[in-house]
Amino acid sequence: MKQLTVEIVKNIESHATKYPVTSEFRINEFPNLYARKNQNAISLIFRAEAAGNRIVKKIGAITDSIDLLNQRLLRLYNEVAYLKGETSAPLTLSAFITLYFIPHSEINHRDHKGMLSRLRIIAPAFGPLADRPITEITKFDCIQLIERLRKRGVSPNTLNKYRYALQAIFRLAVEMELIERNPVSKIKKERVSNILDRVLRGEELKYFIIFSSKYSNPYAGGALLFLLFTGMRAMEALTMKWSYLSPDKSYIDLPLTKSGKPRRVQLNNSAKAVLEHLETLRMNDYVFFSNATNGHISYPRNALNWVCDQLSKKGVLNGHLTLHSLRHSFATNLIEATGSLYVTQIALGHSSSAVTERYTHLSNQHINDSVLQLDTTFNYSR
């Protein structure tokens, strides 16, 4: 198949000058490919009909990476060939991931960068599976693949993330009706201890907030504070855009969450204060901007390590901290403040209160104070 080149893209750009804004013209070198002239960009549009299906998809802008545009174009040509029954060679697992899953993840997965990272780690363990038709891969093949990953000595939690990536690949194959069942869905997850009682309280909480606000990179330090003040999952917050915020900054509308559904996050004044400061430093549409990528920060690990070092020097660090500890801290402090498991469940975006219970770790003092309140009810003395 002919591919886009720098010269072809320049010719498209030059040709577009002859057309008014919002018009569309065909690119003669490529069947089914059109260019649409918009106000600020020129987009490439793929149009085709196959087996009664009308396919109209935007490939991207001509300013996008040519390799990425060619990858998407190849995927669409293969999709048309598949629908027409013209595909001569069987679709292998490796080809399916390249042609279909990666472009699909780019559009639909909230942590596409994380997914790509997992795929790069998993790929060497595929072995012969990479060249096997995706229709022939069984549950046993997937179990063996997971065992090969297990022998690398990764943690159960990390192994579950790899399993999730594999499950997502085959889920798309099921949706495309290439296979009938997902061979990964019935494989048991690794057992992970859900007993996490790491919660910031007292002096540790106080100085965590102080040191986070003093960190040299305001986006990374602000991310730590925002995660603590909202209880949001790390990737939900770090990939957040200014356009998700309500005009008065009282809530955030997340278009995609871990559950695959949108949800609204209500903001307290502490979280609003973080946003108001970062808005004065705004560089692009991402709230937590990264100078390195001109996108969003991926994980404020250096900031968290620095804050923990300062807490240790202060003598108030009570144990190992992770970003997820901040979510537990938010949940526990919220339920102690409100006494409502349901409110905490909604604030965390959980579908079940049973999950929320694992995030709340009431202090002995709080439990004691709550129990003492019953004295007014019993009114007993001797």
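The values are calculated or read from the model by the stated rules, or taken from the named source; none is laboratory data. Please read all numbers here as calculations on a predicted model, not as lab measurements. All Cβ positions, even for glycine, are placed from backbone atoms using ideal geometry, and neighbour counts span all protein chains on display. For the accessible areas, the whole protein counts, side chains as well, though only heavy atoms, and no ligand, DNA or RNA atoms are used. Shrake-Rupley method; radii C 1.70, N 1.55, O 1.52, S 1.80 Å.
General remarks:
- Lone unmet requirement of (1) surrounded by 15 or more Cβ atoms within 10 Å (Cβ to Cβ); (2) of a type in the set (Ser, Thr, Tyr); (3) modelled with pLDDT of 85 or more for Ser312: (1)
- Of everything listed in (1) open to solvent by 10 Å² or more (accessible area, probe 1.4 Å); (2) in a loop (DSSP other than H, G, I, E, B), the single unmet condition for Met232 is (1).
- Yes/no for Asn11 being in contact (Cβ under 8 Å) with a residue 24 or more places away in the chain and not hydrophobic (A, V, I, L, M, F, W, C): no
- Only one entry in Ala271, Ala234, Ala223 is modelled with pLDDT under 90 and small (Gly, Ala, Ser), namely Ala234.
- Taking the stretch 26-109 and the strands (runs of 3 or more DSSP E) fully enclosed by it, the elements with 3 or more residues that are within 24 Å of Ala168 (Cα to Cα) are at 53-61.
- Complete set of residues in the stretch 120-148 that are among the small types (Gly, Ala, Ser) and surrounded by fewer than 17 Cβ atoms within 10 Å (Cβ to Cβ): Ala123, Gly127, Ala130
- Answer from Asn302, Asn333, Asn318, Asn294 - the residue that is at pLDDT 85 or above and not in a helix (DSSP H, G or I): Asn318
- If only residues of the stretch 21-59 that are farther than 19 Å from His104 by Cα and of a type in the set (Phe, Trp, Tyr) are counted, the one that is most open to solvent (accessible area, probe 1.4 Å) is Tyr34.
- The set of residues from the stretch 205-225 being open to solvent by less than 40 Å² (accessible area, probe 1.4 Å) and free of Cβ contacts under 8 Å to residues at least 60 places away in the same chain comprises just one member, Leu225.
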